[in-house]
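The values are calculated or read from the model by the stated rules, or taken from the named source; none is laboratory data. Note that this is a predicted model, so its numbers are computed, not measured. Heads up, the Cβs are rebuilt from the backbone with ideal geometry, glycines too, and the neighbour counts pull from every protein chain shown. Heavy atoms of the whole protein, side chains included, go into the accessibility calculation; ligands, DNA and RNA do not. Shrake-Rupley method; radii C 1.70, N 1.55, O 1.52, S 1.80 Å.
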Amino acid sequence: MHIKKDGELVETQDRVRKVDIQLHSSIRHPGQDQESHEMNLVGQLIEKKGIYYLKYEEQQNGQLVLTTVKMGAEDALIFRSGAVTMRLPFISNGERLGNYGNGPASFNLLVKTTLLEFNEQAGRFHVAYELYAEGSLLGIYELTITYTEGTI
């Protein structure tokens, strides 16, 4: 829906589309071999005021985890809730504070982003980052999300 405001058309509703999502992640913990994981999911692509979000659900150890990914080339965020809570903020070639929780345990994280790319036309989000807790490197991570529009 559009309305006119000061002579300009303004979109008043979020644009929501069903999408097929492919996640590919790699993790290298200090002193260990790299692990890779792939998942195929169905979710939603939401466009809100020119910002794109992916929302999807996944099961971890039989419990539901809801994930929202705010995608951008300079600024991004992964937010998870449910069985796991996590907030990982990314800024291109910078550092931000995040957190992770699993049951009663939670701790702060330092997220050092080494690569951040988003191409809305190609349906691709890519981030590489290092995670630190209490000054110690937890691991080096890389996540690529590709999505294609489905039908609602």
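Worth pointing out:
- Failed item in (1) within 13 Å of the chain's Cα centre (by Cα); (2) farther than 20 Å from Thr144 by Cα, with Phe125 passing the rest: (2)
- Strands (runs of 3 or more DSSP E) fully within the range 19-136 counting 2 or more residues that are open to solvent by 60 Å² or more (accessible area, probe 1.4 Å): 35-48, 51-60, 63-71, 84-91, 95-102, 105-119
- The set of residues from the range 129-152 being within 11 Å of Ile27 (Cβ to Cβ) and among the small types (Gly, Ala, Ser) comprises just one member, Gly139.
- Filtering the range 137-152 to residues that are farther than 19 Å from Met86 by Cβ and either crowded, with 18+ Cβ neighbours inside 10 Å or in contact with a His (Cβ under 9 Å, 6 or more places away or on another chain) (or both) leaves Thr146, Tyr147.
- In the range 105-121, the residues that are aliphatic (A, V, I, L, M) and modelled with pLDDT under 95: Ala105
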